[in-house]
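Below: the structure, in structure tokens.
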Amino acid sequence: MLLLLLATCISSHCNLVGCTLKSAFFLFLPPADIISTVEFNHTGELLATGDKGGRVVIFQREPESKNEPYNQGEYNVYSTFQSHEPEFDYLKSLEIEEKINKIKWLPQQNAAHSLLSTNDKTIKLWKITERDKRPEGYNLKDEEGKLKDLSTVTSLQVPVLKPMDLMVEVTPRRIFANGHTYHVNSISVNSDCETYMSADDLRINLWHLAITDRSFSILYCDSLPSVHVISRA
């Protein structure tokens, strides 16, 4: 029922903006494939979804068609990667699920895209880049990338870039861990594009994107009743 409701919400949102999400939703899916969070980037060109299996799937909006000027295009799969793995906290004897609780896009500052993803305990910063050219004509390497015998190198040449099929590369940039005692339920990027906040039930932390080993607690509600908890940063 939850998956059906989420699929309906996404489909309704896409219909409102005149687009369609090209994806299949089934009522009977493995628990790991159930979507747990959805987030558009600032331009609406990319849509990131996280599931209970710790995976992040990024969809890209196709360009508008000249034959259909009022159609803003379909969303097709752009990239898929494993963001989190299941862990075990031996000090607390607690199993940490890989489920993605929240995804937040960072404002784009160059050709690459960046996003934050979090499960219950660990926040990760990812960089998404495209590559459609490859260098060829190395002097000291063969076509397979192995080093040549220097005695066989009789002349030098300038390497050139040749077109290749588009490749989307996702690389981890930072890992922010051990900042929360309770489960992280939300993250929010600040307007300076250098810091962000993360929240659990009783605490809100302020992080710098370049510093992973410490954060600042800007709110800690240790005296509130159990019925009053922080739900969003």
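The values are calculated or read from the model by the stated rules, or taken from the named source; none is laboratory data. In this text the structure is predicted, and so the values were computed from the model without any measurement. As a convention, Cβ positions derive from the backbone with ideal geometry for all residues, glycine included, and neighbour counts pool all protein chains shown. We work out accessible area using only protein heavy atoms, side chains counted, and drop any ligands, DNA or RNA first. Shrake-Rupley method; radii C 1.70, N 1.55, O 1.52, S 1.80 Å.
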Inset, instruction - List nothing, just return the count: lysine pairs in the range 29-188, 8 or more apart or interchain, with Cα separation under 19 Å. - result: 17
Inset, instruction - Please compute the net charge surrounding Pro86, taking Lys and Arg as +1 and Asp and Glu as -1 over other residues with Cβ under 12 Å from its Cβ. - result: -4
Legend entry - Most to least accessible of Tyr75, Tyr220 (protein chains only, probe 1.4 Å): Tyr220, Tyr75
Legend entry - For Arg174, solvent-accessible area (1.4 Å; no DNA, RNA or ligand), Å²: 80 Å²
Legend entry - Counted charge near Ile96, where neighbours are those whose Cβ lies closer than 10 Å (Asp, Glu -1; Lys, Arg +1): -4
Legend entry - In Hz, Karplus ³J(HN,Hα) per residue of the range 101-107 (6.51, -1.76, 1.60; θ = phi - 60°; x = Gly, Pro): 8, 7, 10, 9, 7, 8, x
Inset, instruction - Return the long-range amide H neighbours of Ser114 (sequence gap of 5 or more, or a different chain), with a cut-off of under 5 Å between placed amide H atoms. - result: Leu106, Ile128
Legend entry - Between the range 140-191 and the range 206-221, the Cα center-to-center distance that results, in Å: 28 Å
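Whenever you get a sec, compute what percent of the accessible area on the range 70-184 sits on carbon and sulfur atoms (1.4 Å probe).
Working: 3820 of 7690 Å².
That share works out to 50 percent.
In the neighborhood of Ala177, defined by Cβ-to-Cβ distances under 12 Å, what is the net charge if each Lys or Arg adds +1 and each Asp or Glu adds -1? Intermediate values should be presented prior to the final figure.
Working: positive: Lys121, Lys124, Arg174, Arg214; negative: Glu87, Asp89, Asp120, Asp213.
Within the 12 Å Cβ shell, the charges total 0.
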